Amino acid sequence: LEKQLKSKILGRHPVITVIGEGGSGKTALALQTLYGLLQSNDHGFDAIAWVSAKSAQLNISEIARINGAISTALGAFEAVADQFEPGDAPPIERVRKLLEENKILLVIDNLETILDLSIQEFAQDVPGESKLLLTSRVPLGADLQVHVGNFTADEANTYLRRLIDAYEIHNLRIMDPETLKKYSERLGRKPLLLKWFALGVQSGLSPD
């Protein structure tokens, strides 16, 4: 998946979307790919701008709303414009100017929380040689897509075992493989939920 995403980022199409269900690892894939590009320095971009529209975070016991989260397209453009292109012009105009005068990879994480007409219109005409990389649960349209599915049964079991070893979770380590497999299936084989489950057990909660 990382190789596929990198190829699309370095290709000619200006808009790429990492598509997948919640908790499937879209953000993790995007971050790993981008850090790889930065380390290899073979990307050709003047800058990579990251904006997260994530509005909630999963804690051990609840889903908590993130204070000050970006919840509108205007907020996303403001976050980029204020950081890279300060001025009095409207945020979307400043972002267009930034992308037109520089080769920027603009990344909007969790797009589905702010998807509206202005984002769609912007994506239809990305200025200059800049590119737009999105992570979303829903497709934008007219974009190249990298689909991130849930783990296979073997991948989920391997990942859960690695979490158990990394966090030294004794209560899970002594369980038989079939029981662990049952938990993995109940969690939909989603990386985020598997990690949340393991950390929950580590904190003292019952696996059930």
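Structural remarks
- Taking the accessible area of the chain, probe 1.4 Å, and keeping the other protein chains in place, the carbon and sulfur fraction comes to 49%.
- Estimated from helices alone, the mean residue ellipticity of the chain at 222 nm is -13500 deg cm²/dmol (sum of -39500 (n - 2.57) over DSSP H runs with n ≥ 4, per residue).
- Stokes-Einstein diffusion of the chain at 37 °C, 0.692 mPa s viscosity, Kirkwood radius from Cα pairs, rounded to a whole number: 176 µm²/s.
- Ranked by how many other beta carbons lie within 10 Å on average, peptides 102-111, 27-36 from highest: 102-111, 27-36
- Summed side-chain charge close to residue 2 - residues other than residue 2 whose Cβ falls under 13 Å, Lys, Arg +1, Asp, Glu -1: +4
- The residues of region 102-208 have, on average, 52 Å² of accessible surface per residue, using a 1.4 Å probe with all protein chains present.
- Under a 5 Å amide H cut-off, with hydrogens placed 1.01 Å from N, residue 23 pairs with nothing among residues at least 5 apart or on other chains.
- Computed with every protein chain present, the accessible area of residue 50 is close to 90 Å² [probe 1.4 Å].
- Here each label is just a point 7 Å from Cα along the line to Cβ, and for residue 41 and residue 171 those points are 4.8 nm apart.
- Local net charge near residue 208, Cβ-Cβ under 11 Å (Lys/Arg +1, Asp/Glu -1): +2
- Cα-centred dipole magnitude for the chain, charges only on beta-carbon of K, R (+1) and D, E (-1), debye, nearest 20: 640 debye
The values are calculated or read from the model by the stated rules, or taken from the named source; none is laboratory data. Just so we're clear, the structure is a prediction, and the values are computed from it rather than from any experiment. Cβ coordinates were reconstructed from backbone atoms using ideal geometry, including for glycine residues, and neighbour counts include every protein chain displayed. With ligands, DNA and RNA removed, areas are computed over all heavy atoms of the protein, side chains included. Shrake-Rupley method; radii C 1.70, N 1.55, O 1.52, S 1.80 Å.
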